[in-house]
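Quick notes on the structure that follows.
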Amino acid sequence: MLTKGLGAAILAAMLLAPNAIAGPVDVNSADAKTLARELQGVGKAKAEAIVSYRQKNGPFKSADDLAKVKGLGKKLIEQNKVNLKFEAGKAES
């Protein structure tokens with residue numbers, strides 16, 4: 001019985017580990033693949049929209065700036081706020 005519970009706990013830890021170790025991501029320097037991997041609810045299309053917006057309009061200054069990207073709502077931004085970094089001067093040119 002203990003072994004079955006331990007196995008389930010290990011499996012749960014392995015499945016949840018990617019979310020637990022997701023670190024802050026600099027939205028001004030990360031590529032689309034990194035954004036999609038690190039941010040919850042951000043897939044390939046939204047990540048590419050972030051990169052495209054950044055290339056056309058310059059670096060993001062805050063989470064509020066991300067709301068200007070089509071497809072990114074305030075709820076999505078709020079759930080990722082703890083993992084968002086905005087380092088000025090590191091944006092793609």
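What to note about this one:
- The HN-Hα couplings worked out from phi for segment 47-57 by the Karplus form 6.51 cos²θ - 1.76 cosθ + 1.60 (θ = phi - 60°) are 5, 5, 5, 5, 5, 4, 4, 4, 5, 7, 10 Hz, whole numbers, x standing for Gly and Pro.
- A simple rule links phi to the HN-Hα coupling: the Karplus curve 6.51 cos²θ - 1.76 cosθ + 1.60 with θ = phi - 60°, which for segment 64-71 gives 4, 5, 4, 5, 6, 7, 4, x Hz, with x for Gly and Pro.
- Reference-scaled alpha-carbon Rg (2.2 N^0.38 Å with N residues) for segment 24-93: 0.94
- All lysines inside 27 Å of Lys46 as judged from Cα atoms, apart from same-chain residues fewer than 8 positions distant: Lys33, Lys56, Lys61, Lys68, Lys70, Lys74, Lys75, Lys81, Lys85, Lys90
- Remark on Leu84: its backbone amide H falls under 5 Å from those of Val25, a criterion applied only to residues 5 or more positions apart or on other chains, H modelled at 1.01 Å from N.
- Summary of packing: across the peptides 53-65, 34-46, the per-residue average of other C-beta atoms within 10 Å ranks them, highest first, as 34-46, 53-65.
No lab work stands behind these numbers, since they all come straight from the coordinates. These figures come from a predicted structure and were not determined experimentally. Neighbour counts run over all protein chains shown; Cβ positions are idealised from the backbone, glycine included.
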